[in-house]
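Report on the following structure.
The values are calculated or read from the model by the stated rules, or taken from the named source; none is laboratory data. Here the structure is a predicted model, which is why all the values come from computation and not from measurement. Please note: Cβ atoms are built from the backbone with ideal geometry, for glycine as well, and neighbour counts cover all protein chains shown.
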Amino acid sequence: MDNYQKKKETKRRTDTLTYRIVQACSPDKTFQDIQKELPDIAKGTIASALRIYNLVYRRDETDSITGEEWKSVPNWENLYEVSNLGRIKKITPYRVKIIKGTVSDAGIVINLQKNTIRRETLLKRIVAIAWIPNPDNMPHVMNVDEDIYNNKVDNLKWFIGYPKKVMTKEIKALCAKERYRSPEHKERILQKIREKSLEITKNGLTVGRERALKIKYKITGEQYLELLQKCNNKCEICNKEETTEYFVKDNAPRVKVLNVDHCHSTNKVRGILCAKCNKALGLVHEDTTILENMIQYIKKHNNPDIAR
């Protein structure tokens with residue numbers, strides 16, 4: 001048997017199998033039902049024959065509802081249709097199928113596809129674009145009865161912003177990824193950080209103080225305590241203990257600990273100063289000429305008889 005006769009015989013067998021499969025097909029039968037009726041035919045052959053059947057007799061899997069009307073989804077014509085009752089269906093060459101979408105806190109999300117283009121959109125927005133005019137170009141769609149899963153046309157309307165009524169229910173769900181930006185959430189996080197930073201370590205310092213020493217001055221809590229012992233827990237300039245107070249939210253005022261003084265060019269720790277002396281050095285930029293002039297100025301005005 002030559003190649004021509006082989007091809008002809010193969011085509012005859014394929015046509016025979018296809019005819020048998022198409023005869024067994026009906027709109028209410030699935031692929032599994034046909035496979036059970038024709039167990040001697042391969043799955044691939046049944047699938048190929050079903051494509052031919054669906055091209056000729058497009059299978060409509062949508063159940064009709066009284067009063068339901070359909071419109072094409074703008075920019076997705078011949079691919080998707082949406083009804084006035086809030087349902088959407090996908091149209092392919094083989095069948096028409098209702099899309100249920102995925103349920104989220106914001107409502108029903110539909111994944112629209114066209115070739116390589118994909119877009120996730122809320123079903124209520126698709127219904128509003130197709131059925132409800134928007135002459136003022138309002139950006140948002142809201143559910144009138146606040147039921148985010150009721151997407152019928154008479155329950156939707158365009159509006160310019162979220163009213164207070166919906167703010168506590170729907171807007172938080174739609175902006176779930178941005179909840180951390182809310183002032184309340186920020187305040188909760190800051191309060192936790194404050195509480196953690198005020199905890200006392202084994203060295204008698206707060207967690208926040210030890211962290212600051214390590215990051216800014218590259219010294220540990222033990223090294224800081226050694227510096228305090230050398231200067232008898234007093235400022236090395238004024239020879240006084242720290243008296244400056246600071247306030248923590250919802251707590252009584254606290255006395256600051258002595259500051260670590262360091263060289264800004266070499267970052268080398270030089271000693272321990274109180275807050276006022278440390279600030280004074282920073283205000284004069286550690287310039288000895290300015291400090292000498294300050295001494296002469298004070299002497300001059302305190303004792304007028306002393307010459308410059």
>> Checking residue 76 against (1) within 31 Å of the chain's Cα centre (by Cα); (2) in a strand (DSSP E or B): exactly one of these is not met. Which one?
In response: (2)
> From the list 72, 104, which residue is surrounded by fewer than 16 Cβ atoms within 10 Å (Cβ to Cβ), touching a strand residue (DSSP E or B) at 6+ places or on another chain (Cβ under 6 Å) and hydroxyl-bearing (Ser, Thr, Tyr)?
Replying inline: 72
> Name the pairs: first residue in segment 219-231 and in the same structural domain as residue 208 (by TED's automatic domain parsing), second residue part of a helix (DSSP H, G or I) and of a type in the set (Ser, Thr, Tyr), Cβ to Cβ under 9 Å, at least 6 apart or on different chains?
Replying inline: 223/217; 224/217
>> I need every pair where a residue in segment 255-280 that is among the polar types (S, T, N, Q) has its Cβ under 8 Å from the Cβ of a residue that is part of a strand (DSSP E or B), sequence separation at least 6 or different chains.
In response: 259/272; 259/273; 278/259; 278/261
> Of all residues in segment 98-141, which are closer than 16 Å to residue 72 by Cα, part of a strand (DSSP E or B) and charged (D, E, K, R)?
Replying inline: 114
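Restricting to segment 149-160, name every residue that is closer than 17 Å to residue 82 by Cα and β-branched (Val, Ile, Thr). Please lay out each step first, then the result.
Here is the first cut: in segment 149-160, the residues closer than 17 Å to residue 82 by Cα are 149-157.
Once the filter is applied, which keeps residues that are closer than 17 Å to residue 82 by Cα and β-branched (Val, Ile, Thr), segment 149-160 yields only 153.
Does segment 38-59 contain at least one residue that is in a strand (DSSP E or B), among the charged types (D, E, K, R), at pLDDT below 75 and surrounded by 14 or more Cβ atoms within 10 Å (Cβ to Cβ)?
yes
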>> Filter segment 142-171 down to the residues that are at pLDDT 55 or above and in a helix (DSSP H, G or I) and list them by number.
In response: 153, 154, 155
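Does residue 32 qualify as being modelled with pLDDT of 75 or more, exposed (fewer than 13 other Cβ atoms within 10 Å of the Cβ) and not in a loop (DSSP other than H, G, I, E, B)? Talk me through it step by step, then tell me what you get.
Details: modelled with pLDDT of 75 or more: no; exposed (fewer than 13 other Cβ atoms within 10 Å of the Cβ): yes; not in a loop (DSSP other than H, G, I, E, B): yes.
No; evaluated as a whole, the condition is false for this residue.
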>> Quick test of your reading of the structure: residue 79 fulfils all but one of (1) closer than 19 Å to residue 157 by Cα; (2) touching a residue at least 24 places away in the same chain (Cβ under 8 Å); (3) hydrophobic (A, V, I, L, M, F, W, C). Name the failing condition by number.
In response: (1)
